[in-house]
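The values are calculated or read from the model by the stated rules, or taken from the named source; none is laboratory data. These numbers come from a predicted model, not from an experiment. Quick reminder, even Gly has a Cβ in these numbers, built from the backbone with ideal geometry, and neighbours come from all protein chains shown.
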Amino acid sequence: MSFRIRFQGDVPHSRHLTTECEASCDHLRAEFPEALSFEVALSRTGEQFEVHVHVTGRHVSLAARAQDRSLPDTLRGAFARIERQLRKHHDRLIFARRRDTFRHASA
């Protein structure tokens with residue numbers, strides 16, 4: 001798994017945040033094997049933090065972002081959004097294969 005994190009602007013570099021993001025990516029990678037590469041960008045605009053998460057892999061390229069006043073809440077929000085997108089994509093792949101198998105079996 002490839003993982004990259006960028007701290008932009010005046011977001012302080014933190015080993016704790018890096019570890020937390022890496023753990024979230026590991027969780028997603030374990031659940032969604034098609035996800036191979038994760039990029040996380042943390043930035044701050046005024047009083048709001050912004051987190052961008054980009055996931056690429058086999059037949060998948062998804063991105064999500066979240067904004068909030070609290071950096072931990074922003075991270076959780078962005079990872080929750082990307083997890084929903086991955087779940088939707090993964091389910092589409094699984095159920096498309098099942099539909100194709102059912103069509104070929106009944107023909």
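Within region 7-19, identify whether any single residue is touching a helix residue (DSSP H, G or I) at 6+ places or on another chain (Cβ under 6 Å) and of a type outside the set (Lys, Arg), and answer yes or no.
Taking region 7-19 as the starting set, the residues that turn out to be touching a helix residue (DSSP H, G or I) at 6+ places or on another chain (Cβ under 6 Å) are none.
No, region 7-19 contains no residue that is touching a helix residue (DSSP H, G or I) at 6+ places or on another chain (Cβ under 6 Å) and of a type outside the set (Lys, Arg).
Just to be sure I understand the filter: pairs with C-beta atoms under 7 Å, separated by 6 or more residues or on different chains, first member in region 1-22 and under 14 Å from GLU39 (Cα atoms), second member of a type in the set (Gly, Ala, Ser) and part of a strand (DSSP E or B). Which pairs pass?
SER2/SER37; ARG6/ALA41; GLN8/ALA41; GLN8/SER43
I want to confirm something. Restricting to region 2-55 and keeping residues that are hydroxyl-bearing (Ser, Thr, Tyr), part of a strand (DSSP E or B) and out of contact with any Asp or Glu (no Cβ under 8 Å at 6 or more places or on another chain), which single residue is modelled with the lowest pLDDT? Explain how you work it out, then say what you get.
At the first step, the residues of region 2-55 found to be hydroxyl-bearing (Ser, Thr, Tyr) are 2, 14, 18-19, 24, 37, 43, 45.
Filter again for part of a strand (DSSP E or B), leaving 2, 37, 43, 45.
From what's left, out of contact with any Asp or Glu (no Cβ under 8 Å at 6 or more places or on another chain): 2, 37, 45.
Numbers: SER2: 93, SER37: 96, THR45: 88.
Filtering first and then ranking leaves THR45.
Can you pull out every residue in region 56-67 that is at pLDDT below 95 and charged (D, E, K, R)?
Passing the criteria: only ARG58.
If you go through region 63-79, how many residues are exposed (fewer than 14 other Cβ atoms within 10 Å of the Cβ) and part of a helix (DSSP H, G or I)? Step through it out loud before you land on a result.
Step one: filter region 63-79 for residues exposed (fewer than 14 other Cβ atoms within 10 Å of the Cβ), giving 69-70, 72.
Now restrict to residues that are part of a helix (DSSP H, G or I): 72.
Residues flagged as exposed (fewer than 14 other Cβ atoms within 10 Å of the Cβ) and part of a helix (DSSP H, G or I) within region 63-79 amount to 1.
Within region 19-34, track down each residue that is surrounded by 14 or more Cβ atoms within 10 Å (Cβ to Cβ) and out of contact with any Leu (no Cβ under 6 Å at 6 or more places or on another chain).
Here is the first cut: in region 19-34, the ones surrounded by 14 or more Cβ atoms within 10 Å (Cβ to Cβ) are 20-22, 24-25, 28-29, 32, 34.
Within region 19-34, GLU20, CYS21, GLU22, SER24, CYS25, LEU28, ARG29, GLU34 qualify.
Please determine, by comparing only the residues of region 79-107 that are in contact with a helix residue (DSSP H, G or I) (Cβ under 9 Å, 6 or more places away or on another chain) and among the aliphatic types (A, V, I, L, M), which one is modelled with the highest pLDDT.
Keep residues of region 79-107 that are in contact with a helix residue (DSSP H, G or I) (Cβ under 9 Å, 6 or more places away or on another chain), which gives 79, 82-83, 86-87, 90.
Filter once more, keeping what is among the aliphatic types (A, V, I, L, M): 82, 86.
Working: ILE82: 97, LEU86: 93.
In this case the residue turns out to be ILE82.
Are there any pairs with C-beta distances below 8 angstrom linking a residue in region 45-62 that is more than 15 Å from GLU83 (Cβ to Cβ) and buried (at least 16 other Cβ atoms within 10 Å of the Cβ) to a residue that is among the β-branched types (Val, Ile, Thr) and at pLDDT below 90, with the two at least 6 apart or on different chains, and if so which?
Close Cβ pairs satisfying both conditions: PHE49/VAL11.
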